[in-house]
Amino acid sequence: MSLSTVSFDEKKENYGRFFDPESYLKFYFCQPTTDSNQDVFPSWSLSDRELNNEIVRAIRFKVRTMKFCIENALRPKKKPVKVLDLSTGPFCGNVMFASGFDQVTEIVCSDFLEENRKYIIRIIEVPNSCDLSEAFTWTKFTKWAYGNADLVNLFRKKCREIKFVDMSKASATGMSEIESSAPYDLINSEWAFCEGSRDLENYKVLIQKCNKMLQKGGSLVLLDLLEQTFWVPDASRLDNRMPTVCVSQDWLKKTLIQNGFAVEHIILHFYEQKHSPMFNAKGNILVWASKTHEV
Ligand SMILES: C[S@@+](CC[C@H](N)C(=O)[O-])C[C@H]1O[C@@H](n2cnc3c(N)ncnc32)[C@H](O)[C@@H]1O
């Protein structure tokens, strides 16, 4: 049976039908780590090859490379530092990590979907209410990922705003809520630009808007899927394929440089599995870029 991908407008208008915060987290972040081991957090002593699971390898890539870039972007900054996470979704790991830096005084999270915004509000307001199971609590996650079980509490203190964002609107008019709290010293975004934008022109406008919202010298740490055209947010509904913008390394690098950024690092992760019913990305691309001038 050949499966079709819904149109961008159908995805956007019915996003809540396709994307459920807990199903998304459970599938992508709670995979058993090896064939014989049901632990959801893979031991860092295992090599990627030993993990035997493409999604677990991708999550480890996300955690360790975002950690590297956020740490290096924040280390030279002096208090007060303001961080924006663009399309946080229900995944707060890397904003929890950023909360651990003394100089970070304020974190702004954002998302398109109300259910995702509500999920983050619950993490902040009701301790432990968003733990997915006994095996996956946010405290256990930050201890595993960043070696610090206290990051959840620091995040709860430093994140005061969860804003609405719509990346797909022409001329980035759907970014006005987050723009009202600019300038930022660091903007993170993970697996979201290719999802929220309509096409490459729209993607470029988002990069220009990030440039405008950053302080000079500020950092954009952008993790995205490499050359992906569809994905499935819920493994139990494989026919619900959602479209994404197909972005390449060359295009992303060139567009950042043409729009007021210097590229500090590009880190790539290629999938070995060539055919998955869940996605068709070649892998992941993480870019850390710093603002050189206003565009
Ligand atoms: C694949 S999830 C990534 C979530 C999270 N950042 C992570 O790393 O797991 C894609 C996110 O993009 C958000 N999104 C979808 N359409 C959007 C839009 N038009 N504008 C902004 N965000 C959007 C979704 O709500 C979701 O949180």
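Over the chain, what is the percentage of antiparallel beta bridges among all DSSP beta bridges, to the nearest 5? Walk me through the intermediate numbers first.
Details: 20 of 41 bridges.
Counting DSSP beta bridges with both partners in the chain, the antiparallel share is about 50 percent.
For the chain, the residue among Gln208, Ser87, Met175 whose Cα projects farthest onto the positive side of the dipole built from Cβ charges is Gln208. Highest average first, the peptides 104-111, 18-25 ordered by how many other beta carbon atoms sit within 10 Å of their residues are 104-111, 18-25. Amide H contacts of Arg241: Val6, each under 5 Å away and 5 or more positions distant or on a separate chain (H built 1.01 Å from N in the peptide plane; Pro and chain starts excluded).
Summing +1 for each Lys or Arg and -1 for each Asp or Glu, what net charge is found among the other residues whose Cβ lies under 14 Å from the Cβ of Gln273? Before the final figure, lay out each step's value.
Numbers: positive: Arg49, Arg57, Lys274, Lys282; negative: Asp48, Glu54, Glu272.
Summing Lys and Arg as +1 and Asp and Glu as -1 gives +1.
Per-residue 3J(HN,Hα) values for the stretch 71-82, derived from phi via the Karplus relation 6.51 cos²θ - 1.76 cosθ + 1.60 with θ = phi - 60°, read 4, 6, 6, 8, 3, x, 7, 9, 4, x, 10, 10 Hz in sequence order (x marks Gly and Pro).
Ellipsoid fit via the Cα gyration tensor, the chain: semi-axes of 26, 24, 19 Å, each the root of five times an eigenvalue, largest first. Taking only the C-alpha atoms of the stretch 249-295, Rg followed by Dmax gives 13.8, 42 Å. Approximating the spin labels as points 7 Å out from Cα along Cα→Cβ, the Gln215-to-Thr137 distance works out to 3.6 nm.
Here the spin labels are modelled as points 7 Å beyond Cα on the Cα-Cβ line, and at Ala262 and Gln249 they lie 2.2 nm apart. Give the distance, in whole Å, between the Cα centre of the stretch 57-84 and the Cα centre of the stretch 171-224. Each part reduced to its Cα centre gives a spacing of 16 Å. A full extension of the chain between Thr229 and Lys157 corresponds to an added length of 22.1 nm, given 0.36 nm per residue minus the alpha carbon distance. Among Asp39, Asp166, Asp185, determine the one that fluctuates most according to a GNM of the chain built with springs between C-alpha atoms less than 10 Å apart. Evaluated over the chain, the most mobile residue of the options is Asp39.
Among beta bridges from DSSP that stay inside the stretch 168-244, the antiparallel ones total about 25%.
Quick check for me: using +1 on Lys/Arg Cβ and -1 on Asp/Glu Cβ, what's the dipole size of the stretch 32-113 about its Cα centre, in debye to the nearest 20?
Values: 11 positive and 10 negative charges, 99 e Å.
I would put it at about 480 debye.
Taking amide hydrogens as placed 1.01 Å from N in the peptide plane, the amide H of Asn280 sits under 5 Å from those of Thr229, Phe230, each at least 5 positions away in sequence or on another chain.
Read-outs: derived from the displayed coordinates by stated rules, not from any lab. Just so it is clear, the structure is predicted and the values come from calculations on it, not from any experiment. Using ideal geometry, Cβ is built from the backbone for each residue, glycine included, and neighbour counts are taken over all protein chains shown.
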